[in-house]
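Below is one structure, written out as structure tokens; comments come after it.
The values are calculated or read from the model by the stated rules, or taken from the named source; none is laboratory data. The shown structure was predicted, so the numbers you read here are calculated from the model rather than taken from an experiment. Ideal geometry is used to build each Cβ from the backbone, glycine not excepted, and the neighbour counts take in all protein chains shown.
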Amino acid sequence: MLFCLNDFLRSVANTIDVVETDIFGVPTNHSKRIAYISSKIAVELGLPIQDVFDLISFAILHDNGASLKVLHDSLRGDSKERLSLIENMQEHCIIGEENIKHYPFLNTHHNIIKYHHERYDGSGFFNIAGDDIPVMSQIINFADTLDLNYDLRNVKKSSSFEERIVDFIEQQRNKFFSTQIVDAFFNVIEEDNFWDKLSNQVIEAALKEDTPSFSKDLTYEQIHNVTKTFSKIIDAKSQFTQAHSAGLADKVERMAAFYDINHEDKMKLLIAADLHDLGKLAVKNDILDKPGNLTREEFEEIKAHPSVTRSCLQEIKGFQDIAEWAGNHHEKLDGTGYPRGLSSNQLDFHSRLLACLDIYQALREERPYRKEMSHIEAMTILRRMANENLIDAEIVKDIDNIFREER
């Protein structure tokens, strides 16, 4: 299918920013500001338009490895302490580089994410110095360093705040940053509205306006390779869901083979499984990891996550079925599900299948309020739900037949 990279990139930008804001306390729209600043510098340096687009993609994805479990286990303290720690751990650079190996960049690039914390004088994680650091990595490091050290949402041209930022950059010339990038940025900030466009109110529209438009002809298999990466980012938000989407996708694939579902629908279902919990990135970790009962307000926040998933995915051309199935994974046949309260005649087979498998997969995993369940224990709950006309009874029987040998 003709896959619009811009549509997907906008959805990715929103998810990455939500993760960073909740886990690390980074100001909202962090990745969008890095992307916008990077694109301006790239254009000033005369990078080809395809490289400008790829740089925007890298900038949005630069901290994609920062929410994974290997890092979760090392994070303690308040959000500022966690942010300080994560920015001083090379693991998130290595993991982030590995995660984007299947991303459909327009040109071939190497180690952009891995080296995005390298400093021009060689004092970064990997001690790469000077022009041995990829220029895209240098640009991202420049923008990232500024946004982490200053509140770029509220800079006014010709203010003392701007002067402090300029002084800091000048002090780091040929230390943190190359002269080439410093001079390019100084030219960029001469634009009348540059600082204004970094505000939360304007940054998304500004980035959209400045991002070149590209689509790429990809198979659903290639798209699935991309979405598998983002399922890791989604699941890593909570320590209790580290393999949830991967486990769901595995079960979807086995059930699709059992039902002889056509290849295109099978691939769409796998992508829907990868991304079905995208909306949970907008739910606070305090709620996701709460060991006790949720308050009514907390449960309402949880109930909103399929709507967020749907709204993100339906903006991507060709993802209409995927958005529908993913957005329906908490609906019930009797109309008591959420978020839309759909009933049996409004829920197609694929929506029903994903909903049943999502419940089964969740029951087989540990949660903050219970231990993981065996197959027998999980099936007891699924059968009860089927008897109450909440989920599809025939699909429940088939789940039992296919997975009953699993303990």
Could you check, for the stretch 92-105, whether at least one of its residues is modelled with pLDDT of 95 or more and among the aromatic types (Phe, Trp, Tyr)? no
Name the one entry in LEU347, LEU382, LEU353, LEU357 that is touching a residue at least 24 places away in the same chain (Cβ under 8 Å), in contact with a Leu (Cβ under 7 Å, 6 or more places away or on another chain) and either within 16 Å of VAL252 (Cβ to Cβ) or assigned by TED's automatic domain parsing to the domain that holds LYS284 (or both). LEU357
Among the residues of the stretch 284-301, count how many are touching a Lys or Arg at 6+ places or on another chain (Cβ under 8 Å) and touching a residue at least 12 places away in the same chain (Cβ under 8 Å). 3
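Okay, residues lined up against (1) among the hydrophobic types (A, V, I, L, M, F, W, C); (2) surrounded by 15 or more Cβ atoms within 10 Å (Cβ to Cβ); (3) in a helix (DSSP H, G or I); (4) in contact with a Lys or Arg (Cβ under 8 Å, 6 or more places away or on another chain):
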position	(1), (2), (3), (4)
ASP131	no, no, yes, no
GLN138	no, yes, yes, no
GLU162	no, yes, yes, yes
GLU190	no, no, no, no
Every listed condition ((1) touching a residue at least 40 places away in the same chain (Cβ under 8 Å); (2) touching a His at 6+ places or on another chain (Cβ under 9 Å); (3) not aliphatic (A, V, I, L, M)) holds for SER245 save (1)
Could you say which residue among GLY327, GLY318 is modelled with pLDDT of 95 or more and either out of contact with any Gly (no Cβ under 7 Å at 6 or more places or on another chain) or closer than 30 Å to ARG10 by Cα (or both)? GLY327
Which of the residues spanning the stretch 41-55 are among the hydrophobic types (A, V, I, L, M, F, W, C) and assigned to a helix (DSSP H, G or I)? ILE41, ALA42, VAL43, LEU45, ILE49, VAL52, PHE53, LEU55
Restricting to the stretch 151-168, what's the tally of residues that are out of contact with any Asp or Glu (no Cβ under 7 Å at 6 or more places or on another chain) and closer than 15 Å to TYR36 by Cβ? 2
Quick one: in the stretch 195-249, which of the residues that are hydroxyl-bearing (Ser, Thr, Tyr) and part of a loop (DSSP other than H, G, I, E, B) is surrounded by the fewest Cβ atoms within 10 Å (Cβ to Cβ)? SER213
Checking the structure you have, find out if any residue of the stretch 60-78 is more than 22 Å from PHE230 (Cβ to Cβ), over 20 Å from the mean Cα position of the chain (by Cα) and at pLDDT 95 or above. no
Which of the residues belonging to the stretch 300-322 are surrounded by fewer than 21 Cβ atoms within 10 Å (Cβ to Cβ), in a helix (DSSP H, G or I) and touching a helix residue (DSSP H, G or I) at 6+ places or on another chain (Cβ under 7 Å)? GLU301, ILE302, SER307, ASP321
Residue in the stretch 327-354 that is surrounded by the most Cβ atoms within 10 Å (Cβ to Cβ), counting only those that are in contact with a Phe, Trp or Tyr (Cβ under 9 Å, 6 or more places away or on another chain) and under 20 Å from ALA304 (Cα atoms): GLU331
Residue among LEU152, LEU106, LEU198 that alone is among the aliphatic types (A, V, I, L, M), under 30 Å from GLN222 (Cα atoms) and under 26 Å from the mean Cα position of the chain (by Cα): LEU106
If the requirement is being farther than 30 Å from HIS263 by Cβ, surrounded by 14 or more Cβ atoms within 10 Å (Cβ to Cβ), out of contact with any helix residue (DSSP H, G or I) (no Cβ under 9 Å at 6 or more places or on another chain) and not polar (S, T, N, Q), which of these qualifies: ARG383, ARG367? ARG367
